[in-house]
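The values are calculated or read from the model by the stated rules, or taken from the named source; none is laboratory data. This structure is a prediction, so every number in the text was calculated from the model and none was measured. Positions of Cβ are backbone-derived with ideal geometry, glycine not excepted, and every protein chain shown enters the neighbour counts.
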Amino acid sequence: MEHRTGLPPLETLEAVLGAARLGSLSAAANELGITHGAVSRRVAMAERWAGLRLFERHGRGVRLTLDGERFAARIELAVAMLEDSRATDRTDHGLATIRVGVVQSFARLWLLPKLAMLEGSPPDLRIELEIDSRHMTLSDARIAIRLGRGGWPNVISEPLFREALRPVASRTIADALSGQPRIEDLLRFPILHDASEAGWRLWLADRGHAYEADGQSRTLPGHDLALLAAASGMGIALARLPYGNAFRQSLHLIPVHPATTDNPECFHVVMRPGPRHPAVERLLHRLREAARSIESAFLSAPMP
């Protein structure tokens, strides 16, 4: 393909990012408020400028080629850096603004309750949350907090705190399981999964049992929702400790088995390699302090 000099119009790049994110030229057109043909022409213009084939047809949609993935990633980073250059010194509040990408349950259970502490006293930075289940574009003023085993490519990931898994339930179910219940006793009740079956499979495997899905089990899209379902008497959930312990206590959920299993996944702070905004360094220091504090508080007052 022919490579042209000069920068392409911004709307061509918006069309590429929209089609990449949505997997459809028609969906990108609806989002941008233009026609399918206009999106197609803008994508073609971007391809001519880059000298690369950015998309390939896939079923009824489109997906990025390998060249397209690299191209789109660079566009996202450039847009993020432009936005950061505008937002890190907001004139309305005079504070450096740091964007933090998180899943909704982490924002609710952990980050928002600590937001005032993380922003400083008196405040010397402002945290803007981006609720998103995918890795957002990182920059010198953007970080993400993600659950996993770490070691993701092309980023720096730092674990916040380790987790242990322990079954909890409402008072009604706990009373029915009084004493030292057998695993078979727990499995008479519906099992509540936190986003996936991995936690329960691991906990049961450590007790010498294989998890078998049944019609009673439910999967909830978030740890907070799994604990809420348990509190309403819908079944037994795995509390992730110390992460979900404060929320567990507020819901009066009771441990129904003494055994815990280490969770191989934990929340990590995810950053771009290289220089970072000074406000990000302050935030990282406070996140580490908050993580140490929650671990220390949990260990000094363990669950019954």
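Of the residues in region 5-17, at least one is surrounded by 17 or more Cβ atoms within 10 Å (Cβ to Cβ), small (Gly, Ala, Ser) and within 15 Å of Phe71 (Cα to Cα). Taken as a whole, the condition of being out of contact with any Pro (no Cβ under 8 Å at 6 or more places or on another chain) and at pLDDT 95 or above applies to Ala226. Note down all Cβ pairs under 6 Å where the first residue falls in region 164-193 and is in the same structural domain as Ala213 (by TED's automatic domain parsing) and within 17 Å of Tyr211 (Cβ to Cβ), the second is modelled with pLDDT of 90 or more and exposed (fewer than 14 other Cβ atoms within 10 Å of the Cβ), and they're at least six residues apart or on different chains. These pairs meet every condition: Ile183/Arg207. The single condition among (1) outside any loop (DSSP other than H, G, I, E, B); (2) over 22 Å from Phe106 (Cβ atoms) that Pro258 does not satisfy is (1). Among the residues of region 17-42, those that are within 17 Å of Arg60 (Cα to Cα) and among the aliphatic types (A, V, I, L, M) comprise Ala19, Ala20, Leu22, Leu25, Ala27, Ala28, Ala29, Val39. Hey, does region 23-37 have a residue that's β-branched (Val, Ile, Thr) and buried (at least 18 other Cβ atoms within 10 Å of the Cβ)? Taking every residue of region 23-37 in turn, none turns out to be β-branched (Val, Ile, Thr) and buried (at least 18 other Cβ atoms within 10 Å of the Cβ). Could you tell me whether Gly274 is small (Gly, Ala, Ser), in contact with a His (Cβ under 6 Å, 6 or more places away or on another chain) and assigned by TED's automatic domain parsing to the domain that holds Arg108? The answer is no for Gly274.
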